[in-house]
Amino acid sequence: MCSNMFVQVIDGPVQTHEFCKNLDHPTHGAQTLFFGVVRNHNEGKKVAYIHYDLFQSIVEKTLQEIGSEARQKWGEALKITIFVARGNLKVGDASVGICVSSPHRAEAFEACRFVIESIKKRVPIWKKEYYEDGKSEWLKGCSL
Amino acid sequence: MKKEISIKLFGAFRKYDSGSGELRFSVPSDANVLCIKQRIVAEIEKIEQNPQIKTLVSDSVLANNGRILQESDGLTEDTQFSILPPVCGG
């Protein structure tokens, strides 16, 4: 594994204070952070919590690939950390966390956006929403 | 010649597991991924009549050893597969 890349599957919510560890570098002047957080509504329904299911080995492999692609595109100097959550998360919990550290802010912002958009389309994670009225459903997604 | 295979279930397919987290059935040893997907539909229809299951299986992919397979791929020595429904990301 590349020392400039770190990916991890977490049981339970992503702990936001875990970020930026080992990402400092004297040549880096920018760090962008992104957290995907459980929202209390979706398509008019009141969300109580979300269950996250995932296929760990392919998740880890695909996150590494996405990070490598970002570093090829915006520079090998980029340091990238990605955490994704598994299990039940309540409203306000972080389900995904991304930190990109780079020499300048433009590539940090762009690479971070690239990583989250790629995760939404390529990483085998599935969400089952549980609603306040007691109903639940698996959300539709993108075919791999 | 037939071969017994197992299909690990994720996401919307999990409710069809019989406690083991997977489906098990036999297929001809020259079956390809498309045949296995058709068989998954048949196995699930034994459990529940769901008019959307054909579409869900069609929109899903099969994987083994961490690799996503094409519908035309044939069976190798592998007997363990996973079916991955459309993904939602984090």
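Rule-based calculations on the coordinates, nothing more; no lab input. Source: prediction; values computed, not measured. Because the Cβ atoms are built from the backbone with ideal geometry, glycine has one as well, and the counts that use them run over all protein chains shown.
Looking at the stretch B:25-67, which of its residues are assigned to a loop (DSSP other than H, G, I, E, B) and polar (S, T, N, Q)?
At the first step, the residues of the stretch B:25-67 found to be assigned to a loop (DSSP other than H, G, I, E, B) are B:29-31, B:48-52, B:59-60, B:65-66.
Within the stretch B:25-67, B:SER29, B:GLN49, B:ASN50, B:GLN52, B:SER60, B:ASN65 meet the criteria.
In the set A:SER101, A:SER143, which member is over 16 Å from A:HIS51 (Cβ atoms), touching an Asp or Glu at 6+ places or on another chain (Cβ under 8 Å) and at the interface with chain B (Cβ under 8 Å from one of its Cβ atoms)? Spell out the reasoning first.
On the way: A:SER101 fails: at the interface with chain B (Cβ under 8 Å from one of its Cβ atoms).
Criteria check complete, one pass: A:SER143.
Is it true that A:PHE114 is more than 10 Å from chain B (Cβ to nearest Cβ), outside any strand (DSSP E or B), of a type in the set (Phe, Trp, Tyr) and closer than 14 Å to A:ALA30 by Cα?
On the way: more than 10 Å from chain B (Cβ to nearest Cβ): yes; outside any strand (DSSP E or B): yes; of a type in the set (Phe, Trp, Tyr): yes; closer than 14 Å to A:ALA30 by Cα: no.
Considered against the rule, which asks whether it is more than 10 Å from chain B (Cβ to nearest Cβ), outside any strand (DSSP E or B), of a type in the set (Phe, Trp, Tyr) and closer than 14 Å to A:ALA30 by Cα, A:PHE114 comes out as no.
Filter the stretch B:48-90 down to residues that are in contact with a Leu (Cβ under 6 Å, 6 or more places away or on another chain), over 24 Å from B:SER20 (Cα atoms) and within 11 Å of chain A (Cβ to nearest Cβ), then give me how many there are.
1
Checking B:GLY90 against (1) outside any loop (DSSP other than H, G, I, E, B); (2) free of Cβ contacts under 8 Å to residues at least 60 places away in the same chain; (3) surrounded by 15 or more Cβ atoms within 10 Å (Cβ to Cβ); (4) not hydroxyl-bearing (Ser, Thr, Tyr): exactly one of these is not met. Which one?
The single condition B:GLY90 does not satisfy is (1).
If you take the residues of the stretch A:43-57 that are within 13 Å of chain B (Cβ to nearest Cβ), not aliphatic (A, V, I, L, M) and not in a helix (DSSP H, G or I), which of them is surrounded by the most Cβ atoms within 10 Å (Cβ to Cβ)?
So the first thing to find is which residues in the stretch A:43-57 are within 13 Å of chain B (Cβ to nearest Cβ), and the list is A:50-57.
Still in the running and not aliphatic (A, V, I, L, M): A:51-53, A:55-57.
Then keep just the ones that are not in a helix (DSSP H, G or I); that gives A:51-53, A:55.
Details: A:HIS51: 17, A:TYR52: 26, A:ASP53: 20, A:PHE55: 22.
The qualifying residue surrounded by the most Cβ atoms within 10 Å (Cβ to Cβ) is A:TYR52.
Could you please let me know if A:GLY29 is touching a Lys or Arg at 6+ places or on another chain (Cβ under 9 Å), within 23 Å of A:ILE125 (Cβ to Cβ), loosely packed, with under 15 Cβ neighbours inside 10 Å and touching a residue at least 40 places away in the same chain (Cβ under 8 Å)?
Values: touching a Lys or Arg at 6+ places or on another chain (Cβ under 9 Å): yes; within 23 Å of A:ILE125 (Cβ to Cβ): no; loosely packed, with under 15 Cβ neighbours inside 10 Å: yes; touching a residue at least 40 places away in the same chain (Cβ under 8 Å): yes.
Judged against the criteria, A:GLY29 is not a match.
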